[in-house]
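Below: one structure, written as C-alpha cells.
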Amino acid sequence: MRVLTVIGNRPQFVKAAAVSGPLRAQAQEVLVHTGQHYDDELSQIFFDELGLPRPEHRLNLGGGSNSEQTSRMLAAVADLLEAEQPDALLVYGDTNSTLAGALAAAQASVPVAHVEAGMRSFDRRMPEELNRVLTDHASSLLLCPSESAARQLRNEHVHGKVEVCGDVMVDVAQLIAPRARARTDVVAGHAGSSGDYLLVTAHRAGNVDDPHRLQGLVELLLALPRPLVFPLHPRTRARLERANLLTRLSSADGIRLAAPLGYVEFTALLHHARAVVTDSGGVQKEAYLASIPCVTLRDTTEWRETVDTGWNALVDLDLEKALSALDQPVPDAHPEVYGDGRAGERVVQALLRMAG
Ligand code: UDP
C-alpha cells in the first residue's frame with residue numbers, strides 16, 4: 001500500500017510522529033510538507049526531536065489568506081497525486097493543509113483517511129472548524145480520538161467508515177513525558193527557581209487578529225498571578241508588535257516571554273507548571289494528559305472531555321472567570337478518555353484494512 005501523507009504545521013508534525021514509524025514498517029509512505037509552518041522553530045525542530053522522516057516533497061506554500069493558501073495547496077497536492085499515484089491520502093487535524101489534501105484526493109477519487117476526525121467546537125467563526133467539518137465529509141476513513149467524536153460523525157451521517165483509534169497525540173505525549181519531566185534545567189531557565197508558574201500559549205486568529213481582542217488578551221495576562229511563562233507564536237509576536245503591545249508584556253515583572261519552544265522543552269514546562277492558560281487545541285489536551293489544570297481562552301472547545309472531567313475551564317477572555325478557575329482544587333478523577341497511547345498502530349491497521 002502506498003500512502004501520501006500531507007502535513008504542514010506544528011501540531012501535525014507531532015501527530016504524524018505517532019503514525020509515520022508504524023506506517024513505514026508495513027506500507028510505503030510519501031510525506032508531503034506543505035510549508036504552512038516554515039520557521040525552524042515551528043517545523044525543523046519537531047522533525048529532529050520526534051524522529052519524523054525527511055519529507056519526500058517540501059512545498060513552500062505558507063503565507064497569504066486562508067483561501068489563497070488552501071487553493072495553492074489544493075493545486076499542488078493535485079499534481080502530486082497525479083505523479084505519485086497513491087492508494088490513499090492521509091491527513092491530520094484541522095488546518096488548511098488538511099482540507100487542501102482531502103479535497104484534492106477526493107476530487108481525484110483517491111480515498112482520504114482523516115486522523116482526529118469528528119472533533120467539533122460548533123463555532124463556525126473558527127477557520128479550523130470549517131476545515132474539520134469539510135474534511136470529514138470528504139473522507140473515506142474517519143479515525144476518531146474518542147467515542148464522542150465517533151457519535152458526532154454518525155449524527156452527521158458522514159459518507160466514510162468511522163473507527164475509534166484513540167488520540168495519536170497521546171502516543172507521543174506518553175513517549176516524551178519521562179524525558180521532558182527530567183528537564184528541570186528548562187524549568188529553571190524559563191521560570192527561575194519557582195516551579196509555581198503559569199504556562200501560557202495564545203495564537204488563535206479569534207484572539208490575536210482582532211486588535212480589540214488582542215488588547216483584552218494582554219490586559220488579562222497582565223492581571224494573572226505571576227510568574228508566567230509565555231512562548232510566543234510568531235503570529236502573536238507580529239500582532240503584538242504591530243499593536244505596540246509587546247513591550248507592555250515584556251517589561252512586566254514576572255512575565256517571561258520566549259521564542260516558540262521545541263516539543264521536549266515545551267512539554268518540560270507543561271509538566272512542571274501550576275496551570276496552563278491557552279487557546280490551543282493540542283495544549284488543552286496535553287495539559288489533561290499531564291494532569292495539569294487548564295484555563296482555556298476560548299468559549300468553546302472541541303476537546304469537551306477535558307471540561308466535562310473538571311480539568312479544563314473555558315473562560316474566553318474573562319479575568320474573573322480565569323482567576324476563579326485557577327483557584328479551583330484539582331479534580332480527583334482522571335479517566336483515560338483519549339485512548340491508551342497505541343493509536344498510531346490502530347491508524348495503520350485501519351488503513352491496511354481499507355486497502356485490503
Ligand atoms: N508546542 C511546542 N512549543 C511551543 C508551543 C506549543 O512544542 O512553544 C506544541 C504543543 O506541545 C502541542 C502543539 O505544539 O503539541 C500545539 O500546537 P499549536 O498550539 O500551534 O496548535 P493547535 O493544537 O492549537 O492547533
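Nothing in this text is a laboratory measurement; each read-out follows from the coordinates by a stated rule. Please read these numbers as outputs of a predicted model, since none were measured by experiment. Note that we place each Cβ from the backbone using ideal geometry, even for glycine, and neighbour counts take in every protein chain shown.
Within region 152-174, identify whether any single residue is touching a Gly at 6+ places or on another chain (Cβ under 9 Å), part of a loop (DSSP other than H, G, I, E, B), on the phi > 0 side of the Ramachandran plot and buried (at least 21 other Cβ atoms within 10 Å of the Cβ), and answer yes or no. Yes, there is a match, as at least one residue in region 152-174 is touching a Gly at 6+ places or on another chain (Cβ under 9 Å), part of a loop (DSSP other than H, G, I, E, B), on the phi > 0 side of the Ramachandran plot and buried (at least 21 other Cβ atoms within 10 Å of the Cβ). Which pairs do you get when a residue that is more than 13 Å from Val168 (Cα to Cα) and touching a residue at least 24 places away in the same chain (Cβ under 8 Å), found in region 335-353, comes within reach of a residue that is outside any loop (DSSP other than H, G, I, E, B) and of a type in the set (D, E, K, R), reach meaning Cβ atoms under 7 angstrom, with the pair 6+ apart or on two chains? Close Cβ pairs satisfying both conditions: Ala350/Glu163. Beta carbons closer than 6 Å, at least 6 apart along the sequence or on distinct chains, pair a first residue in region 251-270 that is part of a strand (DSSP E or B) with a second that is of a type in the set (Ser, Thr, Tyr) for Leu257/Ser250. Restricting to region 53-71, name every residue that is within 28 Å of Met1 (Cβ to Cβ) and either outside any loop (DSSP other than H, G, I, E, B) or in contact with a Gly (Cβ under 9 Å, 6 or more places away or on another chain) (or both). Those that are within 28 Å of Met1 (Cβ to Cβ) and either outside any loop (DSSP other than H, G, I, E, B) or in contact with a Gly (Cβ under 9 Å, 6 or more places away or on another chain) (or both): Pro53, His57, Arg58, Leu59, Leu61, Thr70. Could you list all residues from region 308-325 that are in contact with a strand residue (DSSP E or B) (Cβ under 6 Å, 6 or more places away or on another chain) and in a helix (DSSP H, G or I)? Across region 308-325, the qualifying residues are Ala322, Ala325. On the stretch given as region 58-87, residues that are within 11 Å of Val32 (Cβ to Cβ) and either β-branched (Val, Ile, Thr) or in contact with a Leu (Cβ under 6 Å, 6 or more places away or on another chain) (or both) total 5. The residues of region 193-220 that are touching a residue at least 40 places away in the same chain (Cβ under 8 Å) and under 25 Å from Ala268 (Cα atoms), listed by number, are Gly195, Asp196, Tyr197, Leu198, Leu199, Val200, Thr201, Ala202, His203, Arg204, Leu217, Leu220.
For region 131-186, the set of residues classified as within 16 Å of the ligand (Cβ to nearest atom) and acidic (Asp, Glu) consists of Asp167, Asp171, listed by residue number.
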